[in-house]
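Note sheet for the following structure.
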Amino acid sequence: MQRLLRVLPGKRVVGDAEIDGRRVLAKLFVGARCARHWQQEVAGLAALRLAALPTPEVFAATALAGGGYALLTAFLEPAESLAESWERLSRRSPDAADALALLAPAVAMLGRLHAAGLVHDDLHLGNFLRHDGQLFVIDGDAVRVVSRGVRLPWAAASSNLAVLLAQLPPDRDGLLPTLLAAYGAGSGQHAPDVAALRAPIEKVRAWRLRDFLAKSVRDCSLFAVERSGSRFSTVLRGQADVLAPLLASPDSAISAGEVLKDGGTSTVARVVVNQRALLIKRYNLKNLRHALGRLWRPSRAWHSWRAAHLLRFFAIPTPAPLALIEERFGPLRRRAWLISEYCHGENLLRHLSADCEPPGDEARALLALFASLRQQRISHGDLKATNLLWDGEHVQLIDLDAVAQHRSAASYARAWRRDRARLLRNWPSDCVLHRWLARQLPAA
């Protein structure tokens, strides 16, 4: 084993390895149910190969002398998952043609999989790899044979297809007709109707959001969580090593950084870690009464952490949340810290002139932001212009303590009217910018 790629303690180790001079991807299955998972992986890859679906070649599948099982497959190099490709593409707001060029082959591949009587029970863009101009399906453990060689019934196929399509942010739903045409071409059938998939897609999206927010405060492959009687912390696992000094002593980092705000309820500082600008926000306790009032409730940092992940789940611009820390006394909560990316943008109170309409890019970004919030029924709760930052491409939302997603249209309409009124109060009612916003923003 040359390099570890993924470690699931007590379950699986995946790494870049070598055997007999050949470079391989090694999956070592350990733990109580390792035999079952190894067998499922081997069977799933065999089913993909039998259906002539591209998947990495298997070199060896064997029991280990000391316990557990090994699966060695071809190491695809260079290779990039569609999740990585999509993340890179999303950073520059791809047009429809670029997005379809990336996504349509995966949807067509799923059509081929369904035509062969197979389903993939862990459908996400990370399980499709591009290598030498070809798309590969991976993770045989999740491949299940429903009716080998016989096309899946539409009920099973549609629910599986909805899982993949639900990975897309809602603002990309306009791509669905073309993606469904690609699915039809792959499956050898007519393209499914978009309307028939709306409900299952929304159902999967709601489930994915609940699952993701739950994972953000639970030790898992994405997040590293530590808890004791006096402290709770969660950090993006990929950032844990870099942020370790900040997690160990956030107050020291604040003192050494550039303090941007030092108020009664919060202290905000800009810090630099490995030439990367970050923001630390400490949520203070003003006095004994304030402290007693916060003891039993999730901290404002906790709310902001979940709100930031909620917004980013829907591709709504906000600085990336990296870590959350809470002081605790058993179940009681005290001070808390939130660590996020630092946005270098200027707030809209400074950036926009009251005497004219916003420039084209800023106007489009601002209206796109509110359209996305409206589509997901998300309110901000303190929509001051200083909480909106222009980063040169997007308008980013900050100060997320009061962000809420509303279940009903009526509840959201009430919250939106308050947000709208708060935003308009930033500028005199007779100025050009105020009048433009009043015309452009829906009343409810």
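The values are calculated or read from the model by the stated rules, or taken from the named source; none is laboratory data. What you see is a predicted model, and the numbers here were worked out from it, not measured in a lab. Ideal geometry is used to build each Cβ from the backbone, glycine not excepted, and the neighbour counts take in all protein chains shown.
Every residue, every condition in (1) touching a Leu at 6+ places or on another chain (Cβ under 7 Å); (2) of a type in the set (Phe, Trp, Tyr); (3) exposed (fewer than 14 other Cβ atoms within 10 Å of the Cβ); (4) at pLDDT 95 or above, yes or no:
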position: VAL235; (1), (2), (3), (4): yes, no, no, yes
position: GLY238; (1), (2), (3), (4): no, no, yes, no
position: LYS261; (1), (2), (3), (4): no, no, yes, no
position: VAL271; (1), (2), (3), (4): yes, no, no, yes
position: LYS281; (1), (2), (3), (4): yes, no, no, yes
position: ARG297; (1), (2), (3), (4): no, no, yes, no
position: ARG312; (1), (2), (3), (4): no, no, no, no
position: PHE329; (1), (2), (3), (4): no, yes, yes, no
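In region 270-282, the residues that are touching a residue at least 40 places away in the same chain (Cβ under 8 Å) reach residues that are polar (S, T, N, Q) with C-beta atoms within less than 8 angstrom, at least six apart or across chains, in these pairs: LEU278/SER340; LEU279/SER340; LYS281/SER266; LYS281/THR267; LYS281/SER304; LYS281/SER340; ARG282/SER266; ARG282/THR267. Within region 182-199, the residues that satisfy the criterion of being in a helix (DSSP H, G or I), surrounded by fewer than 18 Cβ atoms within 10 Å (Cβ to Cβ) and not charged (D, E, K, R) are GLY184, ALA185, VAL194, ALA195, ALA196, ALA199.
Only a single item in (1) surrounded by 16 or more Cβ atoms within 10 Å (Cβ to Cβ); (2) among the basic types (Lys, Arg); (3) closer than 20 Å to PHE329 by Cα is not met by ARG205, and it is number (3). The condition of being within 30 Å of VAL395 (Cα to Cα), in contact (Cβ under 8 Å) with a residue 60 or more places away in the chain and not assigned by TED's automatic domain parsing to the domain that holds GLN40 holds for SER90.
Those helices (runs of 4 or more DSSP H) of region 357-441 in which 3 or more residues are under 28 Å from GLU341 (Cβ atoms), touching a residue at least 12 places away in the same chain (Cβ under 8 Å) and among the charged types (D, E, K, R) occupy 360-375, 409-424. Residues in region 39-63 that are surrounded by fewer than 16 Cβ atoms within 10 Å (Cβ to Cβ) and either at pLDDT below 95 or within 18 Å of ALA17 (Cα to Cα) (or both): GLU57, ALA60, THR62, ALA63. Can you name every residue in region 217-258 that is part of a helix (DSSP H, G or I) and β-branched (Val, Ile, Thr)? Residues satisfying the conditions are VAL242, ILE254. Right, THR73: in contact with an Asp or Glu (Cβ under 7 Å, 6 or more places away or on another chain) and either touching a residue at least 40 places away in the same chain (Cβ under 8 Å) or hydroxyl-bearing (Ser, Thr, Tyr) (or both) or not? Yes, satisfied. Each residue in region 294-339 was checked for being in contact (Cβ under 8 Å) with a residue 40 or more places away in the chain and over 18 Å from ILE378 (Cβ atoms), and 16 of them qualify.
Yes/no matrix, rows are residues, columns are (1) assigned to a helix (DSSP H, G or I); (2) in contact with a Leu (Cβ under 7 Å, 6 or more places away or on another chain); (3) at pLDDT below 95:
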| site | (1), (2), (3) |
| --- | --- |
| THR73 | no, yes, no |
| ALA83 | yes, yes, yes |
| GLU87 | yes, no, yes |
| LEU110 | yes, yes, no |
| LEU113 | yes, yes, no |
| GLY126 | yes, no, yes |
| LEU152 | no, no, yes |
| ALA156 | yes, no, yes |
| SER159 | yes, no, yes |
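Of the residues ALA323, ALA336, the single one that is at pLDDT 95 or above and part of a strand (DSSP E or B) is ALA323. Any residue that is under 29 Å from the mean Cα position of the chain (by Cα), closer than 22 Å to GLY184 by Cβ and small (Gly, Ala, Ser) - is there at least one of those in region 85-97? Yes, region 85-97 contains at least one residue that is under 29 Å from the mean Cα position of the chain (by Cα), closer than 22 Å to GLY184 by Cβ and small (Gly, Ala, Ser). Residues being on the phi > 0 side of the Ramachandran plot and surrounded by fewer than 19 Cβ atoms within 10 Å (Cβ to Cβ): count how many of those fall in region 356-415. Total meeting the criteria: 3.
Just one of the numbered conditions (1) in contact with an Asp or Glu (Cβ under 7 Å, 6 or more places away or on another chain); (2) among the hydrophobic types (A, V, I, L, M, F, W, C); (3) surrounded by fewer than 17 Cβ atoms within 10 Å (Cβ to Cβ) is not true of ALA142: (3).
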